[in-house]
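One structure is given here, and the rest of the page talks about it.
The values are calculated or read from the model by the stated rules, or taken from the named source; none is laboratory data. In this text, all values refer to a predicted model and were calculated from it rather than measured experimentally. Every residue, glycine as well, gets a Cβ built from its backbone with ideal geometry; the counts of neighbours run over all protein chains shown. Heavy atoms of the whole protein, side chains included, go into the accessibility calculation; ligands, DNA and RNA do not. Shrake-Rupley method; radii C 1.70, N 1.55, O 1.52, S 1.80 Å.
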Amino acid sequence: MASLSLQLVVLGAVLGVALAAAALILISFVAFVTATEMPPLHRHEEEKFFLNARGQKETLPSIRDSPTKQLSIVVPSYNEEKRLPIMMDEALGYLEERQKQDPTFTYEVIVVDDGSKDQTSKVAFKYCQKYGSDKIRVITLVKNRGKGGAIKMGVFSSRGEKILMADADGATKFPDVEKLEKGLRDLQPWPDQMAIACGSRAHLQTESIAQRSYFRTLLMYGFHFLVWFLCVKGIRDTQCGFKLLTREAASRTFSSLHIERWAFDVELLYIAQFFKIPIAEIAVNWTEIEGSKLVPFWSWLQMGKDLLFIRLRYLTGAWRLEKIRKMN
């Protein structure tokens with residue numbers, strides 16, 4: 001009898017392992033066959049231009065052009081007519097004061113309206129009219145691409161030696177860009193002029209846990225574990241929207257990017273680590289702002305699926321970086 005029970009336990013264990021292996025094979029197969037090739041930077045005709053302060057169309061520049069500004073700030077915006085002005089006022093107040101103190105400092109702010117249904121583009125264009133289209137440019141996408149897709153469009157239309165990603169909610173204090181700049185300098189010498197400084201909220205984790213429900217805390221820890229286990233090692237906060245890249249690093253990583261929605265940061269850093277681009281993680285001041293587009297459970301579930309598929313698609317060869325590496 002005891003022998004029979006033991007055999008049943010062993011059989012159950014074997015079946016469990018076999019089912020798990022079959023499930024992994026099935027998921028890998030689905031990840032492989034549903035993988036798309038490198039998404040081309042397809043622009044609708046209206047997305048090839050921006051309006052200058054007089055309302056006239058001008059052709060957007062390219063990331064492949066030589067830089068003409070020291071700093072480009074790319075602000076992805078989806079239905080941000082209410083939160084965007086607060087962020088823009090703070091950012092432009094800092095940037096204008098910095099330029100007053102150092103007349104050699106040059107910048108541009110690129111607001112990418114990601115197919116908004118509200119007046120985001122009109123609100124942003126008022127800043128273009130006030131400061132001029134050499135400093136403020138608005139790119140209005142015909143349809144929603146996702147945060148990663150919007151940033152990619154902005155990055156590929158930028159003129160800066162360094163490119164800063166900044167969220168429209170203004171959650172990160174804008175003067176902290178100086179911390180990221182110092183983080184980049186500390187990484188020198190940069191291989192092939194490539195380096196990345198990531199703003200980080202990891203130092204605020206204890207405080208944020210105290211304000212979250214147990215369920216959201218569990219989701220957060222689960223996501224961090226999946227990021228570490230599947231994709232990116234050594235970066236505690238991959239999702240902070242405040243990141244500074246050299247022009248060369250931005251061109252290399254965004255040219256290889258597949259994910260265009262919330263998990264794009266993880267793939268971006270995965271690509272950077274593959275190409276051995278040095279990355280600094282820098283603590284920044286951050287405040288949670290109401291109006292987030294993330295739906296706690298479903299957004300985390302979508303990101304978890306994306307993380308698994310990122311790993312499996314690179315692992316199975318559906319997505320490749322080696323050819324790009326050799327070409328470069």
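Which ones in the stretch 106-129 are touching a strand residue (DSSP E or B) at 6+ places or on another chain (Cβ under 8 Å), outside any loop (DSSP other than H, G, I, E, B) and not polar (S, T, N, Q)?
107, 108, 109, 110, 111, 112, 113, 124, 125, 127, 128
Given the criteria open to solvent by 20 Å² or more (accessible area, probe 1.4 Å), under 19 Å from residue 54 (Cα atoms), charged (D, E, K, R) and in contact with a Phe, Trp or Tyr (Cβ under 7 Å, 6 or more places away or on another chain), does residue 137 qualify?
yes
Please state which of the following conditions residue 223 fails to meet, knowing it meets all the rest: (1) open to solvent by less than 20 Å² (accessible area, probe 1.4 Å); (2) closer than 16 Å to residue 180 by Cα; (3) modelled with pLDDT under 85.
(2)
Does any residue in the stretch 168-197 that is under 17 Å from residue 73 (Cβ atoms) and open to solvent by 10 Å² or more (accessible area, probe 1.4 Å) come within less than 6 Å, Cβ to Cβ, of a residue that is in a loop (DSSP other than H, G, I, E, B) and among the basic types (Lys, Arg) six or more places away or on a different chain, and which pairs are these?
Listed by first residue and then by second, the contacts come to 169/83.
Any residue in the stretch 46-61 that is under 13 Å from residue 163 (Cβ atoms) and either open to solvent by less than 70 Å² (accessible area, probe 1.4 Å) or in a loop (DSSP other than H, G, I, E, B) (or both)?
Yes, the conditions are met somewhere in the stretch 46-61.
Only one of 65, 114 is exposed (fewer than 15 other Cβ atoms within 10 Å of the Cβ), in contact (Cβ under 8 Å) with a residue 12 or more places away in the chain and under 21 Å from residue 43 (Cβ atoms). Can you tell me which? Spell out how you get there, then give the answer.
Details: 114 fails: exposed (fewer than 15 other Cβ atoms within 10 Å of the Cβ).
Only one candidate passes the filter, namely 65.
State all residues of the stretch 237-258 that are open to solvent by 20 Å² or more (accessible area, probe 1.4 Å) and at pLDDT below 90; if no residue qualifies, say none.
Selection gives 239 alone.
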